[in-house]
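Okay, so here's the structure we're looking at.
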Amino acid sequence: MTRHIKSPGWNVLGLLPTHLIMFLTLIIPVGIIVLVSFSTRGPYGGFEYVFTTAPYKQILFNEGWAGELEFNPQYLIVVARTLLLSAGTTLICLVLSFPVAHFISLQKPSLKVALIYLVTLPFWVSMIVRVYSWIIILGNEGVIEKTLRALGLIDDMDSLLFGDTAMLIGLVYSYIPLMILPIFASIEKLDPALIEASHDLYGSRLITLHRVILPLCQPGMLAGAILVFVPCLGAVLEPTLLGGGKSMMMGNLIQLQFGAARNWPLGAAISIVLMTAVLIFLVARGLRAVRRETTELAL
Amino acid sequence: MTNGSDVRRYPGFGLFSLLFFVYLYLPISVVVFYSFNANRIVSNWGGFSLHWYTAALSNSALVSAVKVSLIVAVIATTISTIVALMAALVIVRGRDVRFRGLSETVVNLPLLLPEIVVAVATLILFSQIGLANGIVKLIIAHTTFCIPFAFLPIRARLQGMDADLEEAARDLYASAWIAFRRVTLPLILPGVLSGAMLAFVISMDDFITSNLLNSGGATTLPVYVFSLIKQGVSPQLNAISTLIMLASIALATVAFLLQRQR
Amino acid sequence: MNDEACLRAPRKAVEIKGVSKVFGTYQALKPVSFDIYDNEFFTLLGPSGCGKTTLLRMIAGFEQPTTGKIFLHGSNIQGLPPHKRRVNTVFQSYALFPHMSVEQNIGFGLENLGWSKDRRDARVADMLRLVHMEAFAGRKPQQLSGGQRQRVALARALAPEPEVLLLDEPLSALDLKLRQAMRDELRILQRKTGITFVFVTHDQEEALDLSDRICVLGDGEIQQLGTPAAIYEEPSNRFVADFIGETNFLDAEVIAVDGEQATVTTQLGMTLTASHKKAVAGQKAFMSIRPEKISLPAQDNPIAVDGTIMGTNYLGGYTYYLVETGGIRLRISKRNSVSRGQMFEIGQSVKVGFAAESVRILGA
């Protein structure tokens with residue numbers, strides 16, 4: 001056999017740069033952040049390496065004058081809001097994406113390519129510009145308010161900006177292409193004969209959708225859900241620009257701790273919580289895939 | 001009576017999709033539209049004007065932010081594409097690669113971790129080792145998160161390429177290097193280019209990391225735009241946004257066409 | 001049209017009346033009309049692109065005819081969506097639902113028809129027994145072999161007791177041995193259930209083997225409709241003679257036509273009188289003779305010519321010989337029923353013969 005194109009030596013050499021970069025700029029820093037999350041806040045920001053679990057306690061409690069712990073849900077609310085908004089975004093994206101992906105899959109090849117290009121294009125357009133565009137639309141004297149007034153529906157209205165709704169709108173808008181693409185791929189893989197078979201066996205369109213199409217597109221929907229949910233958990237721009245100061249998500253809360261609030265250990269602790277949440281979802285997906293494969297193999 | 005001729009079509013999905021595309025493009029169209037507004041107050045139409053574009057182009061803070069972004073993006077793209085190409089060649093084509101799956105996970109690690117976490121981690125690292133040069137910090141951080149974006153299209157292209165072609169070249173007396181340069185590289189070039197372009201766009205567009213690492217003289221374009229947004233909606237901001245969009249759409253189109261190339 | 005084929009009471013299961021189909025500018029099917037009778041094994045046979053699958057899909061309701069009407073047991077099913085037609089299809093790819101077990105697949109149609117769970121379970125069990133798949137009830141389609149999937153697809157389509165069962169090249173995905181076995185099984189199933197089968201295939205051997213009647217389609221129109229024997233022995237045109245089985249075509253000049261018989265001079269030099277279709281006196285025609293109907297060597301055949309063996313193809317049970325006579329090459333098949341020593345060799349001079357009854361004259 002003369003199939004040796006690259007020897008093991010070449011393998012190591014080829015992988016070395018990426019692995020070195022990841023190790024030095026990613027794995028070590030993440031290790032340091034774990035360390036910082038168990039450290040004491042420095043007098044002028046930063047941190048001092050004195051072991052403490054205080055940053056984690058701080059997520060749940062306020063420390064009173066005498067060192068007594070008083071339950072304070074403010075950070076917990078941020079965590080809950082992050083989870084809820086991410087889940088809501090995922091759900092809305094799922095509902096909006098399916099009909100669109102389904103429609104695109106039925107078009108003739110050239111139109112299909114064009115529509116998929118149109119779906120992906122906004123994702124390439126600067127994230128910050130896309131989020132900013134919603135400020136113009138939702139803001140005071142914004143497009144929506146002006147339109148409603150021109151139609152004579154309202155005199156004046158509260159700004160739609162700054163709040164959970166605005167954040168939800170921004171998050172859906174930011175991440176929906178990531179949902180459409182995998183769903184589209186799974187619909188494309190669907191054998192048209194299966195849909196005909198369902199109709200042939202007395203299934204109406206609704207029954208076919210419910211019993212055949214949706215179950216078979218589940219992997220695509222699951223992939224899309226992960227692709228939308230995970231970046232939502234770490235979103236920074238949407239809460240900063242559309243949430244205002246009061247409605248925070250974990251992403252901008254962390255940013256705040258490393259900026260104006262100058263509480264690195266707390267920021268590190270929240271980072272660990274966020275990272276744990278993300279890894280749980282990724283691992284859960286991995287496990288699901290493994291379980292599905294093993295049940296398929298089992299007789 | 002309903003015509004059952006195409007059972008795959010669902011009534012209403014077409015209209016729904018049309019509305020969806022309107023929703024997808026309306027917000028950015030609004031920005032473009034208002035960028036031509038002569039009136040200083042964005043939402044009051046004061047006639048067509050290119051004034052804000054000339055103002056934007058002569059804005060020295062903007063120009064220097066574009067410069068920083070370009071320097072960082074070009075260097076980060078070059079490094080990340082080269083190392084991603086090396087890794088992809090080994091992961092897809094290498095023989096007897098141990099821990100192939102793990103290696104791939106390591107390369108894709110930046111996609112698995114929330115960017116804000118990586119950004120603060122990098123910030124702490126740089127403060128610990130006392131690295132002060134803003135541009136160098138940005139280049140290092142951007143290179144890291146650009147690697148998977150450069151890697152994925154190259155890997156896809158390599159996987160789509162017939163491995164027999166390389167062996168045919170070797171069979172015809174080509175050395176490993178000649179086989180790579182004359183056969184493999186030309187065939188995967190579209191993947192390499194679209195990977196590089198993806199990396200470039202991701203770097204140019206990055207806000208989270210660049211904002212956190214922002215320090216004297218190293219303000220990137222998105223961070224500058226962010227500071228403008230904080231000051232409030234303005235027609236010049238709309239003009240700048242439109243220019244940014246034009247540039248990214250042009251790049252995206254080239255990358256898209258490259259990826260479709262067979 | 002070949003009414004002797006209908007031994008049973010000719011109740012019409014499907015009536016096709018002037019049905020045609022145009023896709024864009026492409027005429028897939030010119031207007032055709034014919035009936036399919038109850039309890040019949042009816043085959044639509046033709047090369048790919050002849051319109052047979054289009055016709056089947058129009059009966060199932062997946063395509064709408066451009067013109068014409070389709071009746072199912074006397075009622076017009078025009079415009080009825082597929083899920084409201086009491087016909088079921090066995091798909092070429094089987095189209096078994098990958099996320100459902102064998103049982104669930106078979107029960108799917110019954111569920112949609114609103115059958116109660118008990119009745120459904122009983123029916124599914126019956127169907128599993130019918131196709132010998134009792135042991136595989138809980139499996140997913142991916143865990144079955146090709147032949148097993150085929151049987152599940154049959155059971156699933158038969159379970160709702162359709163008025164007509166449509167089969168779209170169901171055997172094409174199986175290997176040769178399995179295909180033969182499934183043919184026998186299909187015939188048995190059709191007799192057991194008494195359901196009308198409409199079978200689409202491009203395999204003429206399959207069609208001859210299985211069918212009560214065959215409709216040969218070519219170029220979007222009916223070329224011939226009749227029993228397998230009628231189609232093989234009395235092809236109505238060159239297309240049918242060529243597509244069904246093998247044949248030798250020789251040029252002929254028609255001298256006279258007298259009812260069912262035509263007299264021609266053939267390329268071989270002799271004049272003969274044989275059955276014909278569309279021969280016109282004074283015009284050119286083709287004479288068709290099947291390889292197995294030529295005797296080698298000529299016995300006491302009324303028509304005999306001298307020739308030379310130009311090639312032999314030994315195929316086990318048969319040997320094909322290529323015999324040249326007067327510049328014309330004839331393919332002759334001969335059963336290898338005697339010892340190998342009796343076989344002919346290349347270059348050998350031989351006399352070949354045939355009877356005028358074996359010849360079919362086809363108008364050009």
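Only one entry in C:Leu166, C:Leu225, C:Leu171, C:Leu217 is within 22 Å of A:Leu194 (Cα to Cα), away from chain A (no Cβ under 14 Å) and outside any helix (DSSP H, G or I), namely C:Leu171.
Using the structure shown, decide if C:Val257 is surrounded by 14 or more Cβ atoms within 10 Å (Cβ to Cβ) and touching a residue at least 40 places away in the same chain (Cβ under 8 Å).
On the way: surrounded by 14 or more Cβ atoms within 10 Å (Cβ to Cβ): yes; touching a residue at least 40 places away in the same chain (Cβ under 8 Å): no.
So C:Val257 fails the test.
The single condition among (1) hydrophobic (A, V, I, L, M, F, W, C); (2) without any contact (Cβ under 8 Å) to a residue 24 or more places away in the chain; (3) surrounded by 14 or more Cβ atoms within 10 Å (Cβ to Cβ) that B:Leu257 does not satisfy is (3). For region C:130-152, filtering for residues that are assigned to a helix (DSSP H, G or I) and farther than 20 Å from A:Leu201 by Cα leaves 7. Scanning region B:111-133 for residues that are within 7 Å of another protein chain (Cβ to nearest Cβ) and part of a loop (DSSP other than H, G, I, E, B) turns up B:Leu113, B:Pro114. Looking only at residues of region A:81-121 that are at the interface with chain B (Cβ under 10 Å from one of its Cβ atoms), in contact (Cβ under 8 Å) with a residue 60 or more places away in the chain and polar (S, T, N, Q), we find that the one that is surrounded by the most Cβ atoms within 10 Å (Cβ to Cβ) is A:Ser97. Within region C:209-234, residues that are within 18 Å of C:Lys278 (Cα to Cα) have Cβ atoms under 7 Å from residues that are outside any loop (DSSP other than H, G, I, E, B) and of a type in the set (Lys, Arg) in these pairs: C:Glu221/C:Lys30; C:Leu225/C:Arg213; C:Gly226/C:Arg213; C:Glu234/C:Arg360, counting only partners at least 6 apart in sequence or on another chain. If you go through region A:122-164 and pick out every residue that is more than 7 Å from chain B (Cβ to nearest Cβ) and at pLDDT 85 or above, you end up with 1.
Please give the helices (runs of 4 or more DSSP H) falling wholly within region A:192-274 in which 2 or more residues are aliphatic (A, V, I, L, M), within 11 Å of chain B (Cβ to nearest Cβ) and within 15 Å of the chain's Cα centre (by Cα). I'd like the intermediate steps shown before the answer.
Details: elements: A:192-200, A:205-208, A:218-233, A:237-242, A:250-258.
Helices (runs of 4 or more DSSP H) meeting the threshold: A:218-233.
Summed over region C:179-211, residues that are in contact with a Ser or Thr (Cβ under 9 Å, 6 or more places away or on another chain) and either among the charged types (D, E, K, R) or at positive phi (or both) total 3. Among the residues making up region C:127-147, those that are away from chain A (no Cβ under 14 Å) and either free of Cβ contacts under 8 Å to residues at least 12 places away in the same chain or touching a Gly at 6+ places or on another chain (Cβ under 7 Å) (or both) are C:Arg129, C:Glu134.
Any idea which of C:Gly218, C:Gly194, C:Gly226 is assigned by TED's automatic domain parsing to the domain that holds C:Tyr26, out of contact with any Lys or Arg (no Cβ under 8 Å at 6 or more places or on another chain), farther than 17 Å from C:Ser48 by Cα and of a type in the set (Gly, Ala, Ser)? Give the derivation first.
Numbers: C:Gly218 fails: farther than 17 Å from C:Ser48 by Cα; C:Gly226 fails: out of contact with any Lys or Arg (no Cβ under 8 Å at 6 or more places or on another chain).
Every option except C:Gly194 fails the conditions.
The values are calculated or read from the model by the stated rules, or taken from the named source; none is laboratory data. Values in this document were obtained by computation on a predicted structure and should not be read as measured data. Every residue, glycine among them, receives a Cβ derived from its backbone with ideal geometry; neighbour counts consider all protein chains shown.
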